[in-house]
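I have placed the structure first, in the form of structure tokens, so that the comments after it can refer back to it.
Computed from the coordinates by the stated procedures, all read-outs in this text should not be read as laboratory data. The structure presented is a predicted model; accordingly, all values stated were derived computationally and were not measured. As a convention, Cβ positions derive from the backbone with ideal geometry for all residues, glycine included, and neighbour counts pool all protein chains shown.
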Amino acid sequence: MINFNEILNQLPDMPAFKARWVAIYLEPMMASGERLTVAVAALGDDGSSLVKSALRPEKARAMYAGKADAFLSIIDTLVSSLQFHLHISQTFTGWVKPFSGIAVSDEREAVSTNLLGVLRQAVAMSASLSALDFEMPEDKDVDKSDIWANKFKEQVISEHPELESYFKAKFRTNVDSKDVKVFFLSSKVAVNTGKLIPGSNISYNFDINKSRILDLLTIKEKEGDIAPRAHHELIVYRPRADDTNYSDYQIKQLDSYVNALVDAGDKQNIRVTTASSVVLASERLRKLEYGY
């Protein structure tokens, strides 16, 4: 006789991560009535969010040929705009669409292991021209793979080789906790670094920078009152406002991300500064360490 209780007990537990998702539609030809699902967005009950393009580049090139890159750029702008809105407001409502011809589906609830799993469900249910093979960006070790961080470090060491031992530092909070990794840690200052560059990864880098603010806060709270460090700062690379590689809209959106990051730092009494070159970043770190 089949033991149904035994079978039910062998089933995996229901995923605990809860979220809502929407599909984003774009009308490629105004007033045509045609709508393509060009993006999907998920918002977790924990406030986390992720927006991804739902149109595969090869499909766009097959449909639009020489105009495909321009069309994909429009989708990137849409994705970045919605991702920033979700970071700031943590709701789908109130989003100011960057251009006309955009529509948002009704919200649907879903459960999965993470945001990526929710987006895969969204794609499967709403986007026939997409694929389920997109991935979350990997959280790389800043000291091993971040070109900006490595060049920043090399610039400082070329001018002040005596500071080399302070890079790739770890701060131990207590016996049971995991060490906090930090870009630069001396007896005077704790400095982390990151980047904000217009493009599809700007929202991901925004989250990474926020996590590095929290790392600095941990150091500040755990270092004690006997000999606290004078400065705890996040130095963020950003392109210059007149960089011709980016449109006025992209620079304006970048400014919004930078301002939001500064506000996030202010709430924790962690200073956030920006630099458009390794020379400027190096000068800032030198000033923090040496006072000149």
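Annotations for the structure displayed:
- Across Leu163, Leu196, Leu216, mean-square fluctuation computed from a Gaussian network of the chain (C-alpha pairs under 10 Å connected) peaks at Leu163.
- Chymotrypsin sites (Phe, Trp or Tyr not before Pro) within the range 59-127, DSSP loop, no more than 16 other Cβ atoms inside 10 Å: Phe99
- Top of Gly199, Gly44, Gly66 by mean-square fluctuation, Gaussian network on the chain, Cα under 10 Å: Gly66
- When each of Lys18/Lys195; Lys52/Lys170; Lys52/Lys195 is checked by Cα-Cα distance, pairs over 24 Å: Lys18/Lys195; Lys52/Lys170
- Under the convention that each Lys and Arg Cβ holds +1 and each Asp and Glu Cβ holds -1, the size of the dipole of the range 7-126 around its Cα centre is about 280 debye.
- D by Stokes-Einstein for the chain, Kirkwood Rh over Cα pairs, 4 °C, 1.567 mPa s: 60 µm²/s.
- For the range 178-185, 3J(HN,Hα) per residue [Karplus equation, 6.51 cos²θ - 1.76 cosθ + 1.60, θ = phi - 60°, Hz, x = Gly/Pro]: 6, 4, 8, 7, 9, 4, 8, 9
- DSSP beta bridge pairing in the range 142-290, given as percent antiparallel to the nearest 5: 35 percent
- Considering only beta bridges that DSSP places wholly inside the chain, some 70 percent are antiparallel.
- Rg and Dmax over the alpha-carbon atoms of the range 32-95 stand at 13.5, 41 Å.
- One chain, two ends: Val104 and Ser211. Fully extended at 0.36 nm per residue, the span grows by 35.5 nm beyond their Cα-Cα distance.
- Considering only the Cα atoms of the range 7-126, their convex hull presents on average a projected area of 8.9 nm².
- Once C-alpha pairs closer than 8 Å and six or more residues apart are averaged by separation and normalised to the residue number of the chain, the relative contact order reads 15 percent.
- Simple spin-label estimate for Glu27 and Tyr249 gives 1.7 nm between the two label positions (7 Å along the Cα-to-Cβ direction from each Cα).
- Options Ile219, Asn245, Val258, ranked by Cα towards positive dipole end of the range 142-290, top entry (Cβ charges): Ile219
- In the range 142-290, the inverse of the mean reciprocal separation of distinct Cα atoms equals 15.8 Å; this is its Kirkwood hydrodynamic radius.
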